[in-house]
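Contents: one structure, followed by commentary.
The values are calculated or read from the model by the stated rules, or taken from the named source; none is laboratory data. All values reported here derive from a predicted model rather than from experimental measurement. Every residue, glycine as well, gets a Cβ built from its backbone with ideal geometry; the counts of neighbours run over all protein chains shown.
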Amino acid sequence: MTISDSGSENTRDHILDVATRLFSRLGYDAITVRMIADSAGLDVATVTDQVGGKRELYIAVLERITGIEYDFLQQKVAEAEPGMAGMILLTDAYLDFCVEHPEVPALWMHRWLSDAADITELEERFSGKIQSLLLGAVSKAIGEGEAYEGEPPFDLELVGWTTVWCIHGFVQGGFMDEKGRTRRPQDPKALRRVRKHLHELVERMLGMYA
């Protein structure tokens, strides 16, 4: 994301960086504009002048992070060739993106738990276009219907969501091993295990069609 050299734009970006960190850690309902201002080292008036109130801050944060996510996935979808290799590339890319940007799954998982429930239009406005992009990628991977006749023999949306759920859950909560230890993405061995598991999952879901 390009950041302007102007002081105003830099201040706005700084505010959104801080707001993203706080919203992703604590959720919308637990945050106040005062908390964001204090964490940013600014007064409330500056924050509201640059971005707006709490609702406007939250919407601006989601708009920015989903814009980054969409641009990233759009590039990877364009690079992915039809077939299983393309689906594995996309799966790896999305896992790596979420590990690098854990605020993305954190913000959406807060919403899945009814955080900011009074702001209802955001899934359709932001997440919907990403879902459409990924659905198109799955269709591309299986040859847009060439591998079967009629309707797909599986649920395209839930194929995508199954992968997203696995990645978001791992990035945010890790998994527990046989000794009761939580293994997180920062552990290279755990990350390799999850990556391998995701490859196997995608191959089992789409292998006979991609």
Filter segment 87-102 down to residues that are in a helix (DSSP H, G or I) and free of Cβ contacts under 8 Å to residues at least 60 places away in the same chain and give me whichever is nearest to the chain's Cα centre (by Cα).
F97
Could you tell me whether any residue of segment 106-121 is modelled with pLDDT under 95, part of a helix (DSSP H, G or I), surrounded by fewer than 18 Cβ atoms within 10 Å (Cβ to Cβ) and among the acidic types (D, E)?
no
Looking at (1) at pLDDT 95 or above; (2) surrounded by fewer than 18 Cβ atoms within 10 Å (Cβ to Cβ), can you tell me which one S8 breaks?
(1)
Taking the condition of being out of contact with any Lys or Arg (no Cβ under 9 Å at 6 or more places or on another chain) and either modelled with pLDDT of 95 or more or under 27 Å from M109 (Cβ atoms) (or both), how many residues in segment 59-86 meet it?
12
Hey, any hits in segment 32-41 for a residue that's among the acidic types (D, E), closer than 18 Å to H110 by Cβ and surrounded by 14 or more Cβ atoms within 10 Å (Cβ to Cβ)?
no
Please go through segment 20-73 and pick out each residue that is without any contact (Cβ under 8 Å) to a residue 12 or more places away in the chain, within 22 Å of Q172 (Cα to Cα) and in a helix (DSSP H, G or I).
L26
Which of the residues spanning segment 133-153 are at pLDDT below 85 and either within 21 Å of the chain's Cα centre (by Cα) or surrounded by 15 or more Cβ atoms within 10 Å (Cβ to Cβ) (or both)?
L134, L135, G136, A137, V138, S139, K140, A141, I142, A147, P152
Which one is nearest to S127 (Cα to Cα), of the residues in segment 163-210 that are surrounded by 15 or more Cβ atoms within 10 Å (Cβ to Cβ) and of a type in the set (V, I, T)?
V164
Given the residues E79, E69, which is the only one that is under 15 Å from the mean Cα position of the chain (by Cα), under 24 Å from C98 (Cα atoms) and not β-branched (V, I, T)?
E69
